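Just below is one structure, and these are the notes that go with it.
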Amino acid sequence: MPDPDKGVTVLSSTRPTRRTRRVVAATAGVATLALALTACGGSGDGGDEASGDEKVTLTVATFNQFGYTDELLAKYTEEHPNVTVKQVTAATSEDARNNLTTKLAAGGEGLADIEAIEVDWLPELMQYPDLFEDLTDPALADRWVDWKVQQATTADGKLIGYGTDIGPEAICYRADLFEKAGLPTDREKVAEALGGDDATWQDYFDLGKKFVAKSDSAWFDGAVPTYQGMVNQLDGAYEDPSTGEPKDLKTNQDIKDLYDQVLAASVDDDLSAGLEQWGEDWVAGFQNNAWATMLCPPWMTASIEQNAGGVEGWDVADVFPGGGGNWGGSFLTVPSSGPNADAAKELAAWLTSPEIQEEAYKNANTFPSQLEAQASETVQSSTNDFFNDAPVGPIFSTRAQAIDGAPFKGKNYFAIHQSVQNALNRVDLNGDDPEKSWQGALDEYASLGL
């Protein structure tokens, strides 16, 4: 799941113009991971058994909010009196990724017994399966949605990660701002206005044009998160699914078309608030009516509620442009360098069991990837008071069912995607010329040497 930010600044109460918006500088991309395999391949020896009598302390490295509270982790110690579980939480997923890749490249020393990874880094790590324990267990074969397991399974059948959450997307919106602009406010009618089951991205942008014509607020928060929802629906967005080889960005017309479409909506139609997600101005924008809609996986509802506390009017519509879409989701891995690998595998299996993922969902709105958990009373009966008592469990279950598998993302996905994001931010945040900024993306791509 992407990174929440904790900073807060103040924006004006009316919609800022593109010339006067305060912006946050785009974050520089991180180079593609290069690991020293000879230094760190498969050094673990299996370690202690969690079921033995010897005292074991297991560390679990996470980021953002996985829903693993101290009370939840204490349950494991109750069931396994010889095991103490400690959670180490990175401030952002980028911090967690940098820590993981740096220590893997150095041989794995200092890594946690269990390391959480986010789905967009997964393709990089899948190149080095020997650095992780094989978590394949026939007893758990039917636990997850198929495509979640496929994401973490190597070509030769090794499973390097147990799935935690997934991010089926809906549309979160400000019903109060819709009402002022003369748009429907009831969540079912909002879904219809956006095109219902046949909703397209153009439908989403067209309704936005009607909204901004009668409102001082923007339609969405920024170009990059909107593009994220669009690109997540492409199979092999940046790489050929049949070979894994990167597509030349200069001739990748699918990506250029999305780039042009989202910037036409953001800049030409002035639908974007011009804010970078997780930045201080974005956080403040929740309190200042800066935008009316957001692409919204379940984990995003927690961030909205945290940042928009005291603001009434948020709701969730059971609709998503282009059909189904997944944004985010994570896995628990067990580095082979750890001294307690067998015990860690047992804990990772427990943390990703349907029962525990139900608890995590209640704690942090992390929608479970486990089929049993999705069908549970906990999920199916869940509502969210902050979002006008929206039946979020059934809504996100429906959105999950609309996901038609996981799009292919290869080992170079992260680096190429960052180049395009940087280009979008230069236009949306800083007002750069779109074509010049696209050339900047091509230059960044060329510098990767792919």
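A compact table of results
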| item | result |
| --- | --- |
| Residue (of Gly182, Leu258, Ile403) at the positive-pole extreme of the chain, dipole from beta-carbon charges | Gly182 |
| Length added when fully stretched, Glu109-Lys436, from 0.36 nm per residue minus Cα-Cα | 113.3 nm |
| Reference-scaled alpha-carbon Rg (2.2 N^0.38 Å with N residues) for the chain | 0.97 |
| Pair Glu71, Ala375: separation of 7 Å Cα→Cβ label points (nm) | 2.9 nm |
| C-alpha center-to-center spacing [the range 193-222, the range 340-416] in angstrom | 28 Å |
| Projected label distance in nm at Lys250 and Asp216, using a 7 Å step from Cα toward the beta-carbon | 4.8 nm |
| For the range 236-249, Karplus couplings with θ = phi - 60° (6.51, -1.76, 1.60), whole Hz, Gly/Pro x | x, 4, 10, 9, 6, x, 7, 10, x, 6, x, 7, 5, 4 |
| Counting DSSP beta bridges with both ends in the chain, the antiparallel % (nearest 5) | 65 percent |
| Apportionment of accessible area to carbon and sulfur, the range 353-450, percent (1.4 Å) | 44 percent |
| Extreme residue, positive dipole direction of the chain, given options Asn326, Leu72, Met230 (C-beta unit charges) | Met230 |
| Cα-Cα separations in the range 57-156 greater than 17 Å, expressed as whole percent | 60 percent |
| GNM flexibility winner over the chain from Ala284, Ala175, Ala141 (Cα, springs under 10 Å) | Ala141 |
| Long-range amide H partners of Ala90 with built H, under 5 Å | Thr62, Phe63, Asn64 |
| Set of lysines near Lys209 by C-alpha distance (under 22 Å), chain-local residues within fewer than 8 positions excluded | Lys180, Lys189 |
| Chymotrypsin sites (Phe, Trp or Tyr not before Pro) restricted to the range 291-323 and DSSP loop, no more than 14 other C-beta within 10 Å | none |
| In Hz, Karplus ³J(HN,Hα) per residue of the range 288-301 (6.51, -1.76, 1.60; θ = phi - 60°; x = Gly, Pro) | 10, 6, 6, 7, 10, 9, 8, 5, 9, x, x, 5, 5, 4 |
| Sequence-distant residues sharing a close amide H with Gly329 (under 5 Å, placed H) | Val119 |
| Residue (of Gly274, Thr92, Pro368) at the positive-pole extreme of the chain, dipole from beta-carbon charges | Gly274 |
| ³J(HN,Hα) computed for each position of the range 66-72 - Karplus, 6.51 cos²θ - 1.76 cosθ + 1.60, integer Hz, glycine/proline x | 9, x, 8, 6, 4, 5, 5 |
| Alpha-carbon spread of the range 167-274, three principal axes, descending order, Å | 50, 27, 20 |
| Average accessible area per residue (Å²) across the chain - probe 1.4 Å, nucleic acids and ligands excluded | 40 Å² |
| Potential lengthening between Asp389 and Asp235 on full extension [0.36 nm per residue; Cα-Cα distance subtracted] | 52.0 nm |
| Student exercise, the chain dipole from Lys, Arg, Asp, Glu Cβ charges, in Debye to nearest 20 | 1340 debye |
| Extended-chain gain in nm, criterion 0.36 nm per residue less alpha-carbon gap, Thr57 and Glu79 | 6.5 nm |
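The values are calculated or read from the model by the stated rules, or taken from the named source; none is laboratory data. Not measured: the values here are computed from a predicted model. Cβ: placed from backbone, ideal geometry, glycine included. Neighbour counts: every protein chain shown. Side chains are part of the model used for accessible areas, which takes the heavy atoms of the whole protein and leaves out ligands, DNA and RNA. Shrake-Rupley method; radii C 1.70, N 1.55, O 1.52, S 1.80 Å.
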